Amino acid sequence: MRLPRFEYFAPKTLDAALSLLTENGEGAHVLAGGTDVLVKMTLGRLRPKALIRLEGIQGLNEIHFEPKKGLTIGATARLAEVASHPDILTHYPAVAYAAQVMANVQVRNMGTVAGNLCNAAPSADTAPPLIAMGAEVTVASLKGERRLPLDQFFKGPGLTAIEPGEIMTSIFVPSPPPKSGASYKRISARCGVDIAAVGVGVMALFDGEACREAGIVLGAVAPIPMRAIKTEGLVKGQEWTQELIERAGDQAAQESKPISDVRASAEWRKRMVAVLTRRALEEARERAKKRYTAAH
Amino acid sequence: MKHHIKFKVNGDEYSLAVDPWRTLNEVLREDLNLTGTKLGCGTGDCGACTVFVDDRTVSSCLTLAVSVDGKAVRTVEGLAPSGEELHPVQDAFIKTGAIQCGFCTSGMEMSAVHLLSHNPAPTEREIRAGLSGHLCRCTGYNQIVEAISVAAEKMRESGSEEVES
């Protein structure tokens with residue numbers, strides 16, 4: 001149960017971290033909260049020559065909300081901080097909820113949203129609500145920064161768009177438009193703690209009694225957190241009725257691509273996609289109404 | 001290469017040279033002889049290794065010892081420093097029969113102290129959520145939940161403030 005040997009670096013600046021990552025080449029691995037990396041190392045699934053710890057880099061843990069622009073979550077901001085941040089609770093309750101229901105207290109006190117995304121588990125709880133809300137991630141390298149939609153970040157289980165020499169530095173979520181609401185629903189065998197068997201993130205924009213458009217993202221039912229494109233198309237511009245919500249659930253179930261594993265069967269997962277999609281859409285609608293009422 | 005670290009444990013200052021691959025759990029148990037903190041699963045699932053780093057509870061099995069440089073660690077040994085008067089949480093664990101084999105106890109108590117410092121009057125549901133990162137293989141969960149609610153009441157009555165290490 002001992003960790004394998006490695007070299008350890010705790011740079012104080014991002015530039016120093018990027019230099020170390022490039023100098024040490026492919027054997028180097030970035031360490032944020034450690035709750036995935038150190039477990040993989042303990043289990044022998046990852047054997048880095050060097051670990052570069054980000055926690056000591058000043059400012060990288062900042063959470064910053066600008067009402068006209070949006071929310072920036074620094075790479076080393078911990079899940080517990082995101083789950084309890086007043087601006088996130090008010091303006092991004094679906095994101096706060098995802099950070100609150102995953103793992104347990106100790107892991108949330110160590111782990112980060114950036115780490116949850118970079119680990120790229122198909123079941124990553126923070127991914128569906130963030131993708132539904134149009135989040136972007138910033139990655140830095142010695143060559144400079146680039147920003148990409150989170151939607152295009154995941155490439156497969158454990159695989160991301162991060163290139164050698166790059167470090168994710170922050171996550172940006174645009175301010176939710178007026179008359180919009182978002183929700184994240186998840187289910188697992190045990191409440192919380194357990195890895196999600198199915199998760200659904202939704203953000204919907206409304207125009208009176210119609211749904212102008214919606215982002216609907218399914219977790220743990222495909223190799224990556226997947227957008228339910230056909231379901232998004234189905235609800236777009238439609239009158240908001242119970243029948244529409246039912247059809248959206250069925251459509252999301254149909255386009256999900258789950259597998260059977262220790263946590264659930266593919267068949268059960270498909271059924272739960274339908275249930276959770278309906279519930280997430282309903283909650284998004286309720287939240288949109290509440291936000292509208294609060295603003296007027 | 002060993003790294004030189006300075007950190008506090010239960011108020012005492014330590015200065016050590018440690019290999020970077022050693023966990024805080026290993027250093028506490030093997031170098032400092034503080035064996036009240038246990039090692040269960042080694043993967044952050046069971047909670048037996050829970051300690052405070054500054055004001056956060058963490059799994060000491062998933063914390064590199066080098067990463068606590070400059071920080072304050074608090075273990076179960078720091079809950080009742082005098083060795084005479086127990087912390088209200090420890091006292092309640094004994095009185096309600098919340099200790100069976102005892103292996104999960106120190107971790108459970110650290111999380112209980114963390115929970116009560118944020119929420120002095122937790123509901124049963126909140127206690128269970130606060131302790132969700134702990135397993136008791138004797139399955140004595142009901143007594144543990146009861147112990148924490150008894151301790152909460154005691155601490156509210158006496159207005160006892162949590163003293164940070």
The stretch A:103-118 residues that are of a type in the set (Gly, Ala, Ser), paired with ones that are surrounded by 24 or more Cβ atoms within 10 Å (Cβ to Cβ) and in a helix (DSSP H, G or I) (beta carbon under 8 Å, 6 or more apart): A:Ala103/A:Leu79; A:Gly111/A:Leu79
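Can you pull out every residue in the stretch A:47-84 that is aliphatic (A, V, I, L, M) and more than 16 Å from the chain's Cα centre (by Cα)? Explain how you work it out, then say what you get.
Filtering the stretch A:47-84 for residues aliphatic (A, V, I, L, M) gives A:50-52, A:54, A:57, A:60, A:63, A:71, A:73, A:75, A:77, A:79-80, A:82-83.
Within the stretch A:47-84, A:Ala50, A:Leu51, A:Ile52, A:Leu54, A:Ile57, A:Leu60 qualify.
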Inside the stretch B:46-60, the number of residues satisfying the requirement of being of a type outside the set (A, V, I, L, M), more than 7 Å from chain A (Cβ to nearest Cβ) and surrounded by 21 or more Cβ atoms within 10 Å (Cβ to Cβ) is 4
In this structure, does B:Ala80 turn out to be more than 11 Å from the chain's Cα centre (by Cα), under 27 Å from A:Ala10 (Cβ atoms) and more than 14 Å from chain A (Cβ to nearest Cβ)? no
Would you point out which residue out of A:Lys68, A:Lys40 is surrounded by fewer than 19 Cβ atoms within 10 Å (Cβ to Cβ) and either aliphatic (A, V, I, L, M) or touching a Leu at 6+ places or on another chain (Cβ under 8 Å) (or both)? A:Lys40
Under the condition of being without any contact (Cβ under 8 Å) to a residue 60 or more places away in the chain and of a type in the set (A, V, I, L, M, F, W, C), which residue from the stretch B:46-66 is farthest from A:Leu54 (Cα to Cα)? B:Cys49
Taking the stretch B:61-74 and the residues there that are outside any helix (DSSP H, G or I) and within 14 Å of chain A (Cβ to nearest Cβ), the one that is surrounded by the fewest Cβ atoms within 10 Å (Cβ to Cβ) would be B:Gly70
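Within 24 Å of A:Arg190 (Cα to Cα), surrounded by 13 or more Cβ atoms within 10 Å (Cβ to Cβ), away from chain A (no Cβ under 14 Å) and modelled with pLDDT of 95 or more: does that describe B:Ser111? Reasoning before the result, please.
Details: within 24 Å of A:Arg190 (Cα to Cα): yes; surrounded by 13 or more Cβ atoms within 10 Å (Cβ to Cβ): yes; away from chain A (no Cβ under 14 Å): no; modelled with pLDDT of 95 or more: yes.
So B:Ser111 does not fit the description; no.
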Report, by residue number, each residue of the stretch B:26-60 that is of a type in the set (D, E, K, R) and assigned to a strand (DSSP E or B). B:Arg56
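The values are calculated or read from the model by the stated rules, or taken from the named source; none is laboratory data. Owing to the predicted nature of the structure, the values given are computational and were not obtained by experimental measurement. Here Cβ is always computed from backbone atoms with ideal geometry, including for glycine, and neighbour counts include all displayed protein chains.
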